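Trainee: Once you've had a glance at the structure underneath, I'll fire off some questions.
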Amino acid sequence: MSTKIGRNDPCWCGSGKKYKKCHEEFDAKISYFKSLGHIVPDHSIIKTPEQIEKIKESCKVNIAVLDYVAQHIHAGMTTQEIDDLVAEKTAEFGAIPAPLNYEGYPKSVCTSINEVVCHGIPSDKVILKDGDIINVDASTILNGYFSDSSRMFCIGNVSPENRKLVEVVKECVELGLEKVQPWGFLGDMGQAVNDHATANGYEVVREIGGHGVGLEFHEDPWVSYVTKAGEDMLLVPGMIFTIEPMINMGTHRVDVDKNDGWTVTTHDKKPSAQWEIMVLVTETGHEVLCY
Ligand code: MF3
Ligand code: CO
């Protein structure tokens, strides 16, 4: 945080207004929380109204991509066909799938079935079968702005146990979301997610979390779900991050595939589920941008 800015200088946010008429009070409030020992956000992750509009456009594409997958997903198709759907729909909007070539990731989307926790790589050898639960995680770059969300799909006759896992994870996200408000804390959300998961006998993955998003694919803060209310980063208007808990029916322990370097599976091979939304902290509460 810059302290050198003069009260009559233009505000750091780019509004063109004088600092004293724009973010001065906002910064003072952040400094106060910092003085109490809280982790506070850097200006670089606080989005301007113009940036928020651009990010929302990207989100619209991501939502359309997942809607398209939802219309076409079925038992008997390969996960490569899901990748094809994503690539096709994203291109229709003149957008780019963010996963493609991201740190060497080879495909346009992540498809994670049953015991695969996340980062499952689409393949023409993997065929969706009756009873599978699958997470399809899509991320889009439109005009340089990023969006990211994922949904679960139940393929045909899913067992009651697995269906419940899918439903409870969605509830976890919704309960976490309710806690997102300005001048609250990321841990308020994290604890709500964790409490609901553990109340249902599940465990929350620790090593992989959510993230700030919008100007980059992955920005600060790193979003954990093993935090406590009143802890972790202060939430202020203009922050955008994902809520994307991965919740395991058995142990929280996970392994990364040694061969492909990406696929994360549960250590005990029991199923895992995840939903991902993108949320904006507003002056009065929050707004879901992508789901
Ligand atoms: N979409 C994932 C997330 O929620 C990131 C996947 S990285 C990839 O953060 F390279 F595997 F696509
Ligand atoms: Co994400």
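Trainee: Given the condition within 16 Å of the chain's Cα centre (by Cα), touching a residue at least 12 places away in the same chain (Cβ under 8 Å), under 23 Å from residue 114 (Cβ atoms) and in a helix (DSSP H, G or I), answer yes or no: does some residue in segment 173-182 qualify?
Mentor: Yes; the residues of segment 173-182 include at least one that is within 16 Å of the chain's Cα centre (by Cα), touching a residue at least 12 places away in the same chain (Cβ under 8 Å), under 23 Å from residue 114 (Cβ atoms) and in a helix (DSSP H, G or I).
Trainee: Among the residues of segment 130-173, write down those that are among the charged types (D, E, K, R) and either within 16 Å of ligand 1 (Cβ to nearest atom) or closer than 28 Å to residue 93 by Cβ (or both).
Mentor: 137, 148, 151, 170
Trainee: Hey, another quick one. Any chance you could count how many residues in segment 99-145 are in a loop (DSSP other than H, G, I, E, B) and open to solvent by less than 10 Å² (accessible area, probe 1.4 Å)?
Mentor: Result for segment 99-145: 8.
Trainee: Tally up the residues in segment 10-53 that are surrounded by 12 or more Cβ atoms within 10 Å (Cβ to Cβ) and either β-branched (Val, Ile, Thr) or more than 29 Å from the chain's Cα centre (by Cα) (or both), please.
Mentor: 16
Trainee: Identify, by number, the condition in (1) of a type in the set (A, V, I, L, M, F, W, C); (2) away from ligand 1 (no atom under 13 Å from the Cβ); (3) surrounded by fewer than 20 Cβ atoms within 10 Å (Cβ to Cβ); (4) closer than 29 Å to residue 24 by Cβ that residue 199 doesn't meet.
Mentor: (4)
Trainee: Mind checking which pairs have a first residue in segment 260-272 that is among the hydrophobic types (A, V, I, L, M, F, W, C) and a second that is part of a strand (DSSP E or B) and surrounded by fewer than 18 Cβ atoms within 10 Å (Cβ to Cβ), Cβ under 8 Å, 6 or more apart or different chains?
Mentor: 262/256; 264/255; 264/256
Trainee: Cβ-Cβ below 7 Å, separation at least six or inter-chain, first residue in segment 127-143 and within 21 Å of residue 167 (Cβ to Cβ), second open to solvent by 10 Å² or more (accessible area, probe 1.4 Å) and within 12 Å of ligand 2 (Cβ to nearest atom): which pairs?
Mentor: Cβ pairs passing all conditions: 137/110.
Trainee: Could you tell me whether residue 176 is open to solvent by less than 20 Å² (accessible area, probe 1.4 Å) and on the phi > 0 side of the Ramachandran plot?
Mentor: No, not satisfied.
Trainee: Give the residues of segment 213-257 that are touching a residue at least 60 places away in the same chain (Cβ under 8 Å), surrounded by fewer than 23 Cβ atoms within 10 Å (Cβ to Cβ), under 18 Å from the mean Cα position of the chain (by Cα) and within 16 Å of ligand 1 (Cβ to nearest atom), sorted by residue number.
Mentor: 215, 216, 217, 219, 220, 221
The values are calculated or read from the model by the stated rules, or taken from the named source; none is laboratory data. Small disclaimer: the values here were computed from a predicted structure and weren't measured. When we count neighbours, we look across all protein chains shown, and the Cβ atoms used for this are built from the backbone with ideal geometry, even at glycine. All accessible areas refer to the heavy atoms of the entire protein, side chains included, with ligands and DNA or RNA removed. Shrake-Rupley method; radii C 1.70, N 1.55, O 1.52, S 1.80 Å.
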